[in-house]
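A quick write-up on the structure given underneath.
Nothing in this text is a laboratory measurement; each read-out follows from the coordinates by a stated rule. Computed from a prediction, not measured in an experiment: that's the story for all the values here. As a convention, Cβ positions derive from the backbone with ideal geometry for all residues, glycine included, and neighbour counts pool all protein chains shown.
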Amino acid sequence: MKEVHSGTHVHDYSLAQMDNFYQAFAAGKIKPTSIMNYIQHLFIAQCCLPGNHVLDVCCGRGLQVPLLKHVVPALGGYVGIDISEQNLEEAATVIRYGDGHIPIFPCDFIHGDVTTDLVQLHSLFDVIIYTSALEHMEKARGIQSLIQIAHVLHPQGTFYLSTPCTPHTFPPALQHRVHIYEWDQTELEEELMKIGFEVIARYGLLPSGDNSQIITTLNNHFGSGASLWFEEMQKSIPAPFLGPFVASALPEIATELLYVCRWQQQQ
């Protein structure tokens, strides 16, 4: 394990982690957030190509690696960076999930701060993953982390960013108490644009809890048959699965979004 930054002040961040969905599924604990996290990690793995070099920002316990190992074993290499040494120690075990072996592609974990240390990697990455972590830091630090990512994304690279989508109210409200700052969609997309990113796709990860809103939005998008389909699926598909699946097609009412970003095209 390399270290590129010392003296990191972890008290500036929320170190709360997403559930280890591999362990949760094995124990029969199925929650919408676990399904959401599995789906987004699998989707990203399926978008990676052989030979790609991947950077996993705020990688936590390395939950992305087992899916990369299974889906794209000929990856060019993986680097995960996290501010928590405890998370990185656990990652050394997590990457063996599935077959008990480490990946055949180069896999390295770095102890460091995403807001300052990415430029020290002196590399460009084809794929950068930043899932469910931006909300665990103050807004100013979040912006710094996005700027750091801009320094290490390959000109033809793809950047995957997921975070809660929370319209700002007064007084401010958070979807989850362990979060520090949750971004409004417009606010985040404006910041991404300032830095030079273009959002080329948005996918919902979790729907609003209001089924009537889901039905109305489905009908608006796909016609009246969509609500009949949804109501039929409710009879046989457990809610923790159905919600994230439906949300993927309805980003405008999702409470968490996955943004797919690339560099803005030069005019």
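Give the peptides 45-51, 107-113 in descending order of average Cβ contacts within 10 Å, highest first. Please report the intermediate quantities before stating the final value.
Working: 45-51: 15.0, 107-113: 20.1.
Ranking the peptides 45-51, 107-113 by packing returns 107-113, 45-51.
Only counting other Cβ atoms within 10 Å, I'd like Ser34, Ser123 sorted with the fewest neighbours first.
Ser123, Ser34
List the residues, sorted by chain then number, that are 5 or more residues from Leu250 or on another chain and whose placed amide H is less than 5 Å from its amide H.
Amide H neighbours of Leu250, under 5 Å, 5+ apart: Gly204.
Can you list residues whose amide H is under 5 Å from Thr158's amide H, if they're 5+ apart or on another chain and H is modeled 1.01 Å from N?
Here the answer is Val127, Ile128, since their amide H atoms fall under 5 Å of that of Thr158.
Find the Cα radius of gyration of region 112-160, compare it with 2.2 N^0.38 Å by division, and give the number to two decimals.
Ratio of Cα Rg to 2.2 N^0.38 Å: 1.08.
Among DSSP beta bridges whose residues both lie in the chain, state the antiparallel percentage, nearest 5.
Values: 16 of 37 bridges.
Beta bridges within the chain, antiparallel portion: roughly 45 percent.
Which is farthest toward the positive dipole end of region 20-161 among His154, Phe105, Leu42, measuring Cα position about the Cα centre, with Cβ charges +1 (Lys, Arg) and -1 (Asp, Glu)?
The residue sitting farthest along the positive end of the dipole is Leu42.
Determine which lysines satisfy two conditions relative to Lys69: a Cα distance under 23 Å, and not lying fewer than 8 residues away in the same chain.
Once the sequence-local lysines are set aside, what remains near Lys69 is Lys2.
Multiplying the sequence separation of Phe241 and Ala26 by 0.36 nm and subtracting their Cα-Cα distance, what value in nm do you get?
75.8 nm
Which of the pairs Lys29/Lys194; Lys29/Lys235; Lys29/Lys139; Lys31/Lys194 have their Cα atoms more than 29 Å apart in this structure?
In this structure, Lys29/Lys194; Lys29/Lys139; Lys31/Lys194 exceed 29 Å between Cα atoms.
Angle, helix 211-222 long axis vs. longest principal axis of the chain, Cα atoms, 0 to 90°, nearest 10?
90 degrees
Restricting to DSSP H runs of at least four residues, report the calculated mean residue ellipticity at 222 nm for the chain, -39500 (n - 2.57) per run over all residues, nearest 500 deg cm²/dmol. Display every interim value, and only then the final one.
Details: 9 runs with 98 residues, N = 267.
About -11000 deg cm²/dmol.
Per the Kirkwood treatment, what hydrodynamic radius in Å, one decimal, follows for region 66-176 from the mean inverse distance over all distinct Cα pairs?
So the Kirkwood estimate lands at 15.7 Å.
Along the charge dipole of the chain, which of Trp229, Phe125, Ser84 sits closest to the positive end, that is, farthest toward it, with unit charges on the beta carbon of Lys, Arg, Asp and Glu (+1, +1, -1, -1)?
Trp229
How far is helix 185-195 tilted, in degrees, relative to the longest principal axis of the Cα atoms in the chain, given as a value from 0 to 90 rounded to the nearest 10?
The two axes meet at around 30 degrees.
If you count, for each residue, the other Cβ atoms within 10 Å and average over each peptide, how do 60-69, 187-196, 252-261 line up from highest to lowest? Intermediate values should be presented prior to the final figure.
Numbers: 60-69: 24.1, 187-196: 15.4, 252-261: 21.1.
The most tightly packed comes first, giving 60-69, 252-261, 187-196.
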